[in-house]
Amino acid sequence: MDTNNIKWLDHLEEAIPHEGYGNRLSMYLIALEAWRRGITVNFFTIDNPENKLLIRYSLEFNGRVHRFESSMGDMLSKEAYDVCDYKDLTKKYLSDAGVKVPKGEVFSTSASEAEILEFANSLSFPIVVKPLNENAGKGVFSNVYSEQNLLDVVDYLKTELGYRHIIIEEFISGNEYRMLTVDGKLVGAVNRVPANIVGNGKDSIETLIRVKNRSKSNNPAISKKRIQLDKEVLHEIERKGYTKDSVLENGEQLFLRAKSNISAGGDPVDITDDISEEMKSIAEEATKAIPGLKLAGLDFIVDPETKVSTVIEINTKPMLGLHVFPIKGKARDVVAPIIDLYFPETINTEKSSLFFDFNDKIAPLDHLTVKEVTVSPLEKANVGCSREFIIEQEKNQGNLLKETRLQALKLGVHGFIKKVETDRYNVVAACENDKIMEEFKSFFYRDTEEFGILEVEEQEWHKPIKAGFTIKKETISEIEDKLKKEEKKTSRLTSKIGTLEEKLELEQSETQKKQQEVAHLNEAIESLKRELQELKEANVEVTLKLGETERAFVSTKHTLTEKLETFKREHAKLTRNYEDVLNSKSWKITKPLRRFNR
């Protein structure tokens, strides 16, 4: 479930300082609503034996003063406080009024094992074990599934957490809701989803928990309600067949606790418009069953099939932020009804869109030199005109930051100026009317030469503005965002460098291979050169031998030719002699004789 999906109420957008996140959120929301109506707010410290700094506050209007501790105000009766402080007594009051509550009984943590087990078995497992007088889910163990598990839990509550009394009660399965009532009327309802994570197919359960916790940081109500890897969570992970190093499949949701308390890492989802009239009626009747319970957070469990509602307990100091900043659903203004209850004469008062610097007011409180700080309402708190200016300088010259602030304070303009770039400024201003705004704006045009102003861009501003005019510096969150961006940039560059180094190594490896190939080729060339030289030398020898052979052939040919010529001459001579013989007279005379002799 995406915990960043927040739709802020318009009058609170950017009006919640980080100092007001978490446990001080209810205090700041009530104080701010009152102050905007013209009510004086006093923050003060109280004595504490543990030497902790405990801050309380009071609201004062027309001579009437009401004191508060977080969301709990002094209209809460002592009876209501005592009844809700002891869970078993709460169930008795509700049961007498006909409101369904879980069966249970109070035990001393020193009670015998046999006594505890006998009652637990009468309820049948699973069961719930929780401290008698604790809230915010502290020490609550839901879904205790066996006798040994029960004995281990009781021992843990006694020895590790130091509780002396506990309640053992039946386990009611179903969806858990927190209903908020003011003066007996339902003003908000949320579904409290138990601490959970959703797998992505690659990260471990432990990593997913860290990611989920980081995603809560921008929600004022749950930014500090982190999921802790405590005994209960580790046990739940193990019970479902995993370890903290297991990897969940993509989209797989894993619930890490049986209990759904937001303080234990749960998620608030607004369901005010979806609850039945019966549930609304039960919530209002349960509140009225306890006299003087002016503000209450009621924990319901509703069976999804039968729709039967069971009230588990009631909180007299409920977290208001669950309804104002749900992670899903509609944000509810549950604070205005509280101020309406305490100061009904301010219901139709025009509220200012300004807000005061919460940290600036409570920071001096040390319970030694400063024990009280008063935040008085502004004489001219109404804002009739709000603007945002984007100012560009030709170059960084003149002290624009300081001079703009002085001009704003002189005219009674609220807002801030912030340097966003070397030659670029962001100015947000709010004042009583357009005339004052025009005079403030003319300051930029009048002193353009002094500050080297090139352009002033103007637009409407619809968000709340802090009272006074400040030179705004980068917040821790903005610095963290910048660091994250730089880290991402560094990571990308590191990755790129790594890729280039790998490429370089690969190219160096290829170069080495090519150098080796070149060396082999050079060796081959040298070998071929040697062979060529040998061939040349052999060719010379062959040429020489061939020359000698040719000369011998020519000489022999010449001799033979001469002999042939001599032979031809001899043959011609003999032929002539032969012809002379044949033609001689003696040859003709002796012809008969030659025939006879054959």
Of the listed residues (VAL198, VAL182, VAL193), the one being in contact (Cβ under 8 Å) with a residue 40 or more places away in the chain and under 30 Å from PRO291 (Cα atoms) is VAL182
Answer yes or no as to whether GLU278 is open to solvent by 20 Å² or more (accessible area, probe 1.4 Å) and within 28 Å of LYS307 (Cα to Cα). yes
If we keep only residues of region 408-420 that are modelled with pLDDT of 90 or more and among the aliphatic types (A, V, I, L, M), then the residue surrounded by the most Cβ atoms within 10 Å (Cβ to Cβ) is VAL413
Scanning region 247-271 residue by residue, the ones that are open to solvent by less than 30 Å² (accessible area, probe 1.4 Å) and at negative phi total 15
With criteria (1) more than 21 Å from the chain's Cα centre (by Cα); (2) surrounded by 19 or more Cβ atoms within 10 Å (Cβ to Cβ), TYR242 comes up short on (2)
With the first residue restricted to region 5-25 and required to be closer than 17 Å to LYS224 by Cα and at pLDDT 90 or above, and the second required to be part of a helix (DSSP H, G or I) and small (Gly, Ala, Ser), Cβ contacts under 8 Å at 6 or more apart or on different chains are LEU25/GLY321
Exactly one of SER95, SER173 is at pLDDT below 90 and small (Gly, Ala, Ser), and that one is SER173
Pairing a residue in region 293-306 that is modelled with pLDDT under 95 with any residue that is β-branched (Val, Ile, Thr) and part of a loop (DSSP other than H, G, I, E, B), where Cβ atoms lie under 6 Å and the two sit 6 or more apart in sequence or on different chains, gives ILE301/ILE172
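Let's see how each residue does on (1) of a type in the set (A, V, I, L, M); (2) over 34 Å from the mean Cα position of the chain (by Cα); (3) exposed (fewer than 15 other Cβ atoms within 10 Å of the Cβ):
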position	(1), (2), (3)
ILE16	yes, no, no
ASN23	no, no, yes
GLY38	no, yes, no
PRO49	no, yes, yes
LEU53	yes, no, yes
ASN62	no, yes, yes
LEU76	yes, yes, no
LYS87	no, yes, no
LYS91	no, yes, no
Within region 337-352, the count of residues that are crowded, with 19+ Cβ neighbours inside 10 Å and either among the hydrophobic types (A, V, I, L, M, F, W, C) or in a loop (DSSP other than H, G, I, E, B) (or both) comes to 4
Going through region 315-334 in order, the residues found to be open to solvent by less than 10 Å² (accessible area, probe 1.4 Å), of a type in the set (Val, Ile, Thr) and within 30 Å of LEU132 (Cα to Cα) are VAL324, VAL334
Over region 361-388, the set of residues of a type in the set (D, E, K, R), in contact (Cβ under 8 Å) with a residue 40 or more places away in the chain and either more than 18 Å from GLU13 (Cα to Cα) or buried (at least 19 other Cβ atoms within 10 Å of the Cβ) (or both) is LYS361, ASP366, LYS371, GLU372, LYS380, ARG387
Scanning region 64-74 for residues that are touching a residue at least 24 places away in the same chain (Cβ under 8 Å) and open to solvent by 50 Å² or more (accessible area, probe 1.4 Å), the one farthest from GLU134 (Cα to Cα) turns out to be ARG64
The correct count of residues that are more than 18 Å from ARG405 (Cβ to Cβ), free of Cβ contacts under 8 Å to residues at least 40 places away in the same chain and open to solvent by 80 Å² or more (accessible area, probe 1.4 Å) in region 421-444 is 4
Picking from PHE107, PHE68, PHE119, the residue that is within 36 Å of the chain's Cα centre (by Cα) and either under 28 Å from ALA286 (Cα atoms) or acidic (Asp, Glu) (or both) would be PHE68
Here the residues within region 273-330 that are in a strand (DSSP E or B) and more than 19 Å from LEU341 (Cβ to Cβ) are ASP299, PHE300, ILE301, VAL302, SER309, THR310, VAL311, ILE312, GLU313, LYS328
Within region 350-390, residues modelled with pLDDT of 90 or more and β-branched (Val, Ile, Thr) come out as ILE362, VAL370, VAL373, THR374, VAL375, ILE390
Inside region 98-118, the number of residues satisfying the requirement of being open to solvent by less than 60 Å² (accessible area, probe 1.4 Å) and either within 22 Å of LEU298 (Cβ to Cβ) or touching a residue at least 12 places away in the same chain (Cβ under 8 Å) (or both) is 10
When ILE30 is run through (1) under 27 Å from GLU350 (Cα atoms); (2) within 32 Å of the chain's Cα centre (by Cα); (3) open to solvent by 10 Å² or more (accessible area, probe 1.4 Å), the failure sits at (3)
If we take region 1-108, then strands (runs of 3 or more DSSP E) inside it with 2 or more residues that are in contact with a Phe, Trp or Tyr (Cβ under 8 Å, 6 or more places away or on another chain) and more than 30 Å from ARG164 (Cα to Cα) are 40-46, 54-61, 64-69
Exactly one of VAL182, VAL198 is buried (at least 19 other Cβ atoms within 10 Å of the Cβ) and modelled with pLDDT of 90 or more, and that residue is VAL182
Among (1) free of Cβ contacts under 8 Å to residues at least 40 places away in the same chain; (2) open to solvent by less than 60 Å² (accessible area, probe 1.4 Å); (3) within 30 Å of ASP183 (Cβ to Cβ); (4) not charged (D, E, K, R), PHE358 falls short only on (1)
Taking region 130-157 and the residues there that are within 24 Å of ILE262 (Cα to Cα) and open to solvent by 50 Å² or more (accessible area, probe 1.4 Å), the one that is modelled with the lowest pLDDT would be ASN135
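The values are calculated or read from the model by the stated rules, or taken from the named source; none is laboratory data. All values derive from a computational prediction rather than experimental measurement. Here Cβ is always computed from backbone atoms with ideal geometry, including for glycine, and neighbour counts include all displayed protein chains. When the accessible area is computed, the model is the full protein with side chains, heavy atoms only, and any ligands, DNA or RNA have been set aside. Shrake-Rupley method; radii C 1.70, N 1.55, O 1.52, S 1.80 Å.
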